[in-house]
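Notes follow the structure.
The values are calculated or read from the model by the stated rules, or taken from the named source; none is laboratory data. Every value quoted in this text rests on a predicted model; they were computed, and no experiment measured them. For the accessible areas, the whole protein counts, side chains as well, though only heavy atoms, and no ligand, DNA or RNA atoms are used. Shrake-Rupley method; radii C 1.70, N 1.55, O 1.52, S 1.80 Å.
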Amino acid sequence: MTTLLAKITRGQALDSGHAVWGATFPDAPAGGGVTAETLAELREEIEGVKHFVLDLPTDHPITVKYVYDLPGVSADALADAGAVVRQLRAAGLSEEDSVHLLQSA
């Protein structure tokens, strides 16, 4: 299986000035990148281009490793947040309840 590294950042769209999520592929031979308004949309965009970026046939399995580069947010903080979210899911909390709980913490 092949892994594609996706470096995720937050920035401004050049045409509209709106905040967008962006992904670049620093280790890929084709390079390039994609943008989207939400992280969910960004993941869909990455899934749509991953074979093209790596120049591999569509039946070749590719996993994506997401690395977030957010100013003021350390990798440790993101890892800790991920652990909390997994614990909330394991405890049976819905996504909506998890968001409410985390916003009120």
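Its relative contact order, with pairs defined as Cα atoms under 8 Å and 6+ residues apart, puts the chain at 26 percent. Averaged over its residues, the chain has an accessible area of 69 Å² per residue, based on protein heavy atoms and a 1.4 Å probe. Estimated from helical segments only, the mean residue ellipticity of the chain at 222 nm is -12500 deg cm²/dmol, where each DSSP H run of four or more residues counts as -39500 (n - 2.57).
Shown for the chain: the carbon plus sulfur share of the solvent-accessible area, taken with all protein chains present and a 1.4 angstrom probe, equals 55%.
Keeping every protein chain in place, order Asp80, Asp15 by accessible area at 1.4 Å, biggest value first, i.e. largest first. Don't skip to the answer; put the middle values down first.
Details: Asp80 100, Asp15 140 Å².
Accessible-area ranking of Asp80, Asp15, largest first: Asp15, Asp80.
Taking amide H as placed 1.01 Å from N in the peptide plane, Asp27 has its amide H under 5 Å from the amide H of Leu5, each at least 5 places away in sequence or on another chain.
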